[in-house]
Each structure stands twice: as structure tokens, then as C-alpha cells.
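The values are calculated or read from the model by the stated rules, or taken from the named source; none is laboratory data. If you're wondering where the values come from, they're calculated on a predicted model, not measured in any experiment. A quick note on method: Cβ atoms are made from the backbone with ideal geometry, for glycine too, and the neighbour counts reach across all protein chains shown.
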Amino acid sequence: MKTDDITAVFTLSYGLYTIGSKSGDRINAQIANAVFQITADPVRIAVAVNREELTNQFIKESGYLAIGILNQSADIPFIGHFGFNSGRDMNKFEKVEYFTTSSGCPCPKHNTVACIELEVESSTEVGTHTLFIGKLTECSVIGQGIPMTYAYYREVLCGKTPPTAPSYRAQEPVLSDQQKEVKTMKKYVCSVCGYEYDPAVGDPDGGVAPGTAFEDIPEDWVCPVCGVSKDQFNEQ
């Protein structure tokens, strides 16, 4: 048995959450996956936030944070909006419906199963992240659906077809000549967020039809996940 196989770490399970906080009259939120309950009575929850994030700064200044538990209806643009943009450059809630907890921390109204507010009791700096430990001060179920796992985000939302989908094929389908031509087109990957542009799929929401080569995409097209320009993509 190998004792240095780093892939063992990849089997750990995570959820996907928005972490919102405030500082004065400013609010911000980001995406996080390291959130876990550590005690039941009283309820204590731990949240890890990168030390460079604006949300980290807001949590330290206000002493509060709100966890939005995302459901599987949250799509790539929604997750990318909170995960790959900085609150230093934009107001992430300018075009997103949200509510605030009693402490004033923001939580999205849509694509969210539940919201949990914590008052920070302690924090520990752990390398690149701060581990905040907080007591439950407020919680509510605000929507329906299945809570999203990080595995679902990676395996389903990033291009793979789930077995329950009508388009799922257990075996490689027989392709027409036109489909074969599309399949040979090169894929490109965003250097910022890792989004993969597949010509066979295109980007219908962005006005790019399936079968469109990357070279033929309009120059003003942007990554549907993080919003960077076309020149930030590299050939796969």
C-alpha cells in the first residue's frame, strides 16, 4: 500500500457555500467549500476563508458571517460571480437579490437552501487561510432542493453529463461527419478559473452556438464563469 498517494486527499467530501459578511455599510460574499459543524450542543461551526479575501477582512472587522448553503440549481455563472470576482473591484450584490441577517451579513435569496449566521468566537491562522469558529446566532431554511456538493460542482457543472440526464450515454456514440469535424476542434481553458470551452458544446447563454471554433468566437466574448476576456484562454 502506498503511503504517499496525495490522491487520497481528493476523496474528502465538501459542500459549496456563499460566505457573506459586512464592514460598516459595505457587504461582500465569496464561495467556500470548507464549512463544517464541530459541536452540537451548543452548535459551533468552523469556516475556512483565504486570508487574501475581502470577506476575510470583513469577518474580522464585524465579528459575524453568514453561510448560504447552495443547492443544485446554482449554475456556473452564479458560482463564478461570487467565486472568481473580487469585492474590491465590484459590488457582487448589485444585480443579485439578497437579504441580510440580524447582524447585516448578506445571503443570496435564490439558489440557496438555507442560511446560517455565526458570531465569531475564535479564529486561527492556518497557512493561507483563517479558520473562523463561530456560535450559531440565527438560521433559516429559505429554499428547496438538494444541497450542492463540491463533487457535483466539479463533475456535473463543469461539463460531465450525469447518468440521470437524457443525454447521458454509457458508450461513445456514433458521430456524423459534421460531429466528427466539431470533435476535432481544439478546446481552450481559462487561465483564471479553469473553465473549459468545448466547441461541441459552445456557450449558448453567451450567444455562441454549438459547433463554433474558439477562433470564431467574437472578440468581446468573456468567460461565462469568471468574466475575463478571450485572450486569457490557453489551448488545451
Inset, instruction - Go through the residues of region 57-67 one by one and say whether even a single one is assigned to a loop (DSSP other than H, G, I, E, B) and surrounded by 15 or more Cβ atoms within 10 Å (Cβ to Cβ). - result: yes
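Can we say A8 is crowded, with 20+ Cβ neighbours inside 10 Å and of a type in the set (A, V, I, L, M)?
Details: crowded, with 20+ Cβ neighbours inside 10 Å: no; of a type in the set (A, V, I, L, M): yes.
In short, no.
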Inset, instruction - Grab the strands (runs of 3 or more DSSP E) fully contained in region 127-236, keeping just those with 1 or more residues being modelled with pLDDT of 90 or more and closer than 30 Å to Q37 by Cα. - result: 129-141
Legend entry - Residue match in region 123-134 (condition: touching a Leu at 6+ places or on another chain (Cβ under 9 Å) and among the hydrophobic types (A, V, I, L, M, F, W, C)): yes
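Are any residues in region 13-53 part of a strand (DSSP E or B) and surrounded by fewer than 16 Cβ atoms within 10 Å (Cβ to Cβ), and if so, which ones?
Step one: filter region 13-53 for residues part of a strand (DSSP E or B), giving 15, 17-23, 26-32, 35-40, 43-50.
Correct list: R26, F36, Q37, I38, T39, A40, V43, N50.
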Legend entry - Lone unmet requirement of (1) crowded, with 19+ Cβ neighbours inside 10 Å; (2) part of a loop (DSSP other than H, G, I, E, B); (3) free of Cβ contacts under 8 Å to residues at least 60 places away in the same chain for S86: (1)
Inset, instruction - Answer yes if at least one residue in region 103-113 is assigned by the TED database to the domain that holds M148, surrounded by fewer than 16 Cβ atoms within 10 Å (Cβ to Cβ) and over 15 Å from the mean Cα position of the chain (by Cα), and no otherwise. - result: yes
